[in-house]
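**Student:** Below is the structure I would like to discuss, written out as structure tokens.
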Amino acid sequence: MRAGPGHADRDHGRHRRGRARGILIKDAEALEIAHRIDVVAFDKTGTLTEGKPVLSEWTALDGDRDALLRFAAALQSGSEHPLARATLDAARALSLPPVSQLQALAGRGLRGEVEGRNLLLGSTRMLEEAGVDLQPLREAAQRLADSGHSVSWLARDGADGAQLLGLLGFRDTPRANARAAIERLHALGVSTAMISGDHIGAARAVAAELGIDQIRADVLPEQKAAAVAELGQFRTVAMVGDGVNDAPALAAADVGIAMGSGTDVAMQAAGITLMRAEPGLVADAIEISRRTSRKIRQNLFWAFGYNVIGIGLATLGWLNPVVAAAAMAFSSVSVIGNTLLLRRWKPA
């Protein structure tokens, strides 16, 4: 009987405290599971980083950097991908030729025809699958990856085979509060992981800068859910992401956490939404869940404690109706008052 008021106020309290901190908890199940989280997996781009990469370096095998940039920008002229926007920003002063027969290969790159040339633009995996010899610029690509850059390759696919034209290096800045967010999770006893489609070198550089425990790199969009399932094989795992490609992984995790700055699909798949693009809110969500769980156990103790004592006294004939009514009222007041203490919580 006494657990009823505490439950109602607990739900009201968790929503108020969550909203006040910019955390939207969509269902009670996510709140109840969150206090058991052992590992938090982050998507890299747009979650741990600003999601606004800049084309910082590009190298043409024949030395014609303008031509390389024109071809790469032309292929990406209709794309909304962050790397495409970075390429187009760098090519603003150039006149871009039209592109035809454009084909997008999910998680890999683009294929299209520009000025009579069949071009390939994409990841190391894509170019290697196409049989392109990357060796002439492999050392430059490794240097970029080791410094935290994402690398894209451009090649021409001709009758005599695919030939490498050059590479482009993109730098995405980690969010200013990302390292502090990782440190807070570690202080809560929660390990961290990063799932990224980037090359292992670029992923390792970002992970080292932020202090992340585990890395899953070169992961295609359709492989993210499997990576989350692997992390959560023996542990409770939360996935934090913001893009369309993150939705299956968010749904596969024990708790999906979407960044409010991301896509509607990601937010729909997640049980918790962070209304601001602050990774530190992940630790806040876990703390809210842990405190709420603790309040539930305390309220159950007080509710059943009053009833057990009252029933025992009544059986012995030592409890008159007036005292029983007062005990019942005080039980409800204790449960509600204890729940309202959640309003005093402030993040670390």
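The values are calculated or read from the model by the stated rules, or taken from the named source; none is laboratory data. Just so you know, these numbers come straight off a predicted model, no measurement behind them. As a convention, Cβ positions derive from the backbone with ideal geometry for all residues, glycine included, and neighbour counts pool all protein chains shown. Please note that ligands, DNA and RNA were not included when accessible areas were found on the heavy atoms of the full protein model with its side chains. Shrake-Rupley method; radii C 1.70, N 1.55, O 1.52, S 1.80 Å.
**Student:** I want the antiparallel fraction of DSSP beta bridges within the chain, as a percent rounded to 5.
**Tutor:** Values: 34 of 53 bridges.
Of all bridge pairs located within the chain, approximately 65 percent are antiparallel.
**Student:** Between residue 276 and residue 330, what length comes free when the chain is fully extended (0.36 nm per residue of separation minus the Cα-Cα distance, one decimal in nm)?
**Tutor:** Details: separation 54, 0.36 × 54 = 19.44 nm, distance 4.01 nm.
Net length gain for the segment: 15.4 nm.
**Student:** Extending each Cα 7 Å along its Cβ direction at residue 163 and residue 316, get the distance between those two points in nm, one decimal.
**Tutor:** About 9.9 nm, to one decimal.
**Student:** Taking the Cα atoms of the chain, what is the range of coordinates along each of the three principal axes, in descending order and whole Å?
**Tutor:** 100, 31, 31
**Student:** Please state the relative contact order of the chain as a whole percent: Cα pairs under 8 Å, 6+ residues apart?
**Tutor:** 24
**Student:** Using 0.36 nm times the number of residues separating residue 298 and residue 38, minus their current alpha carbon distance, what extension gain do you get?
**Tutor:** Details: separation 260, 0.36 × 260 = 93.60 nm, distance 2.32 nm.
Difference between extended and current length: 91.3 nm.
**Student:** Now for a different question. Calculate the tail of P(r) for the range 242-324: the fraction of all Cα-Cα distances greater than 20 Å, expressed in %.
**Tutor:** 55
**Student:** So how do 44, 295 rank on accessible area, 1.4 Å probe, biggest first, that is with the largest at the start?
**Tutor:** Numbers: 44 10, 295 35 Å².
Per-residue accessible area, sorted high to low, gives 295, 44.
**Student:** Can you put 151, 308, 206 in order of accessible area, largest first, using a 1.4 Å probe?
**Tutor:** 308, 151, 206
**Student:** Put a dot 7 Å past each Cα toward the Cβ at residue 64 and residue 209; how far apart are the dots in nm?
**Tutor:** The modelled label-to-label distance comes out at 3.4 nm.
**Student:** Sticking with this structure for a sec: Could you estimate the translational diffusion coefficient of the range 14-156 from the Stokes-Einstein equation, with Rh from the Kirkwood formula over C-alpha pairs, at 25 °C and 0.890 mPa s, in whole µm²/s?
**Tutor:** 138
**Student:** Here's another thing I want to ask about it. Taking just the alpha-carbon atoms of the range 97-241, what radius of gyration and Dmax come out, in angstrom?
**Tutor:** 18.0, 58
**Student:** Which whole-Hz ³J(HN,Hα) couplings does the range 70-87 yield from phi under the Karplus relation 6.51 cos²θ - 1.76 cosθ + 1.60, θ = phi - 60°, glycine and proline marked x?
**Tutor:** 4, 5, 5, 5, 4, 4, 9, 4, x, 9, 9, 5, x, 5, 5, 4, 5, 5
**Student:** So between residue 118 and residue 94, what do we pick up on full extension, going 0.36 nm a residue minus the alpha carbon distance?
**Tutor:** Full extension of this stretch gives 6.6 nm more.
**Student:** List the aspartates and glutamates whose alpha-carbon lies under 17 Å from that of residue 295, not counting same-chain residues fewer than 8 positions away?
**Tutor:** 9, 11, 29, 32, 284, 287
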